[in-house]
Structure formats: C-alpha cells, structure tokens
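Here the structure comes first, spelled out in structure tokens, and everything after it is commentary.
Where a number appears in this text, it was derived from the coordinates with a stated rule and is not lab data. Remember, predicted model here, so these are calculated numbers, not experimental data. Cβ sites come from the backbone with ideal geometry, for glycine too, and all protein chains shown count toward neighbours.
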Amino acid sequence: MKIKKYILPYSTEDIKFVNNQITDILKSGYLTDGGKYINLVESKWANYVGTKEAIAVNSCTTALELALRVLDVTNKSVIVPTYTFFATPLSVHNAGGKIIYADIDQNTLSLSLKSIKEKITLDTKVIILVHVGGYITDEIFEIKKYCSDHNIILIEDAACAHGSIINNNKAGSIGDISTFSFHHSKVLTSGEGGFINTNNSKWASRLRRMRSIGLDRNINNWEVFEIGNNYKMSEITAAIALLHINKADRIISERRELAKYYDQNIQFNKNFKKLNTSCKNSYYKYVIFVNKNLKQKLYNYLKDANIELPPSIYSYMCSNQNINTKINSLNHNDKFKSAQIAIDTNLCLPMYNGITNSERTYIVEQLNNFIKKYND
C-alpha cells in the first residue's frame, strides 16, 4: 500500500457543478469583480463564518496586508508569532508596520498571552493570532479581552482554520477582523484566493475599494478613492470556491472522523503525544509530538512503509530568516523557546478527504508498530 501525503479529490458531481458555473460565467461575458459569483460567494462565506461582511481577494497574504492597511499600521508595531508562515510578518512589512515577534504556547502552537505581555510596546496597534493547523488556542478569549483592555485590534489569521469552532464561535468570528486562505492545500479551496471577514461595515466598504485599485464601481469606473492595488478574485475562482463552501460541512466532517480514528487507535505515550485544545478542529493538520530523538527515525520508518507524511507545521522560525535584515523587524534576534520545541518535535499525519478505511488502518498499524519499539 502507498499513502500519498495529499490528494485533492473532485467527484464527477463536483466537476459537473464547476463546469456549469463556468459556462454560466462565460455566457455572461463578465469574468472579474462586479459579476454575480463574487457577490454570491462573499454572502455565503460571511454567513458560514458568522460575520456581517466577507471580502473576496486573490490570496490570504493579500487579505492580511489589506486588513493591516485598512487599520493603518504605518509606523506602528504589530505582534506576530515567530511560529507561522512567513506571509504573516511579511504582510506587516508590506503594510508599513513594524514586526514584533512573540513566542507560542507549545501545547497549542498559537501565540501565548504570556509572550504577548512580554513583547507589547506603547505603539502596538495590532496582534495577529494564527490558528496553526486549524487549532484555536484555549487562550483566545483571554487574548481578546487583553486586546480590548489595551485598545489593540485583534486579527485572526485563520488561513488554516475553516470551520474550526471554540465555545460555539467559528474561527474568524472572534477577532475584530480575520483572514482566510483558499489556497490549493487548504481544507476549503479554490486553487488560489482568500477572504477578509469582519463585522465592521466601514472597513468592508474601504476594503472593497482597496482590492480594486481604489475604485468604486458603484460610482464610476475611473475615480480612485483609496490607495489600493489589484487584489481582486476572479468570477471563475469564486465559482470554484462556491463548490467547497456549499460542501464545507461534509468536507470538515470527514476530516474530523479521520482525526477521531487517529485519536482512538494510536497508542500514544510519553514519547508520542497528540495536540489537544478544547476547540472543535477542522483539521487542516493532524499534529503529533514525537520525542525529538525519535522524530527522524519515525519519519524514515513510515517512508519505508510507503507512507508519505505531509510537511511538519513549520520547520523554522520566521524570526530566524535572513530576510529580517531587510524588513522592519524589531526583535528577530530574540530567543523563542516554545517555538523551538514545536519545531523539534512536531510531525503531521496524512489528513485529507478521500483516505480509505484500509489506508487509515494501515497508517495506524505502522505507527503503532514503531511506537511499540520505543515504549520506554
């Protein structure tokens, strides 16, 4: 048996749906913003997340930058986790802000409130909380209160957390503004694409202008009202996104079922632990922590068993990248103990729609065979 690290399955029914939408778009003769599919997908995504507004853009990186621009972080500091994809701090730099890196809680992989308190400065305007792997930190409501008490805006970088829930709140509905990725690898995808969600209608109005070079097509096609760029989502991308938004509950339910199988059948012990938070995860990633002396051995063992593991959550700290010398990063030389532990110990198991019962059984059998060898 050979287990791939990732497959993106589309059924005959899915392909028929997308073909029908694309045919409709082509017949309309309108392929960019202003068409009906952008409006439809924004409405459906706002309703799914539980916010008043959703603004469709061409990527989550763009979404983060626009969110920071509408908040005007120019020459203000923004706290970001060192343990994230580099798009997060890069968006701060591109929006004119100053990057302050902070550490994570090694048990949740998200920014810790303790580290936030250590890194905050008088000019901190925004905190970006990343839901790593789809896991929402148990501290999110404490962090939200801390932000409110200190007049700081909370952004949820929910790129990987479509449909994750904590205390009946969906990811993206808790902070002041949130961003999502619909990249090819994500739980829900349109190939490329992203969304900004918020309850602030004034921000939303400005964001729709900013994504379209500052234009407002409800007024005219030439007058610029905001400093923006061409960050639009196309009608065809919106139609593909619509497929997965319509199927979101089914897609996420299947991933949760696979995670439950892993939870109940892997023989976890002190050397092999699973990541636990109280959130109801949608499982962009299924994370396990492995004794760092055994991590590479396990990876090689599963590879020899024809099980391809997806990439670890992150194998680096953003603060360690050389590019920090060329961007407005204030503390990239700091040490981040918990992030380093996460890098040294995390592995991700295959987690995607379409894994068969026999495949998941084989994955667990091989993993447990290895665990038995190192059960001390």
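Quick check: Cα centre of segment 60-79 to Cα centre of segment 146-197, how many Å?
Centre-to-centre (Cα) distance: 14 Å.
Past 19 Å, Cα to Cα: identify those pairs from Lys76/Lys335; Lys170/Lys232; Lys285/Lys337; Lys273/Lys373; Lys16/Lys247, in the order given.
Beyond 19 Å between Cα atoms: Lys76/Lys335; Lys170/Lys232; Lys285/Lys337.
Arrange Trp45, Trp222, Trp203 by Cβ neighbour counts within 10 Å, fewest through most, would you?
Exposure proxy ranking, most exposed first: Trp222, Trp203, Trp45.
With a bin width of 10 angstrom, please list the P(r) values of segment 248-373 as percents of all Cα-Cα pairs, from the 0 bin to the one holding the largest distance.
Each 10 Å bin holds this share of Cα pairs: 11, 39, 30, 16, 5, 0.
Spelling out what I want: for every residue of segment 313-324, take phi, set θ = phi - 60°, compute 6.51 cos²θ - 1.76 cosθ + 1.60 (Karplus), and round to whole Hz; glycine and proline get x.
So the J values, rounded to whole Hz, are 3, 9, 10, 8, 9, 4, 5, 8, 6, 4, 4, 4.
For the chain, with only Lys/Arg (+1) and Asp/Glu (-1) charged at the beta-carbon, what is the dipole magnitude about the Cα centre, in debye rounded to 20?
So the magnitude is around 540 debye.
So if a site counts as exposed when it's one of the GluC sites (Glu not before Pro), its DSSP state isn't H, G, I, E or B, and it has at most 15 other Cβ atoms within 10 Å, what's the longest stretch of the chain without one?
1-222
If a/c stays under 1.5 just call it rounded; otherwise compare a/b with b/c (prolate if a/b is bigger, oblate if not). Do that for the chain, with a ≥ b ≥ c from the square roots of the Cα gyration tensor eigenvalues.
Oblate is the answer for the chain, as a/c is 1.5 or above yet b/c matches or exceeds a/b.
Students often forget the sequence filter, so: which aspartates and glutamates lie under 20 Å Cα-Cα from Lys186 once same-chain residues fewer than 8 apart are removed?
Straight-line reach from Lys186, under 20 Å: Asp14, Glu42, Glu65, Glu156, Asp157, Glu235, Asp249, Glu254, Glu257, Glu308.
Which shape class, rounded, prolate or oblate, goes with segment 57-189 when its Cα gyration tensor gives a ≥ b ≥ c as root eigenvalues, a/c under 1.5 marks rounded, and past that a/b bigger than b/c marks prolate?
Taking the square roots of the gyration eigenvalues as a ≥ b ≥ c, segment 57-189 is oblate.
Checking the cross-link filter: which aspartates and glutamates have an alpha carbon closer than 13 Å to that of Lys274, excluding same-chain neighbours under 8 positions apart?
Excluding near neighbours in sequence, the set is Asp263.
Quote the FRET efficiency, to the nearest 0.05, computed for Lys16 versus Arg250 with a Förster distance R0 of 22 Å and r equal to the Cβ-Cβ distance.
0.85
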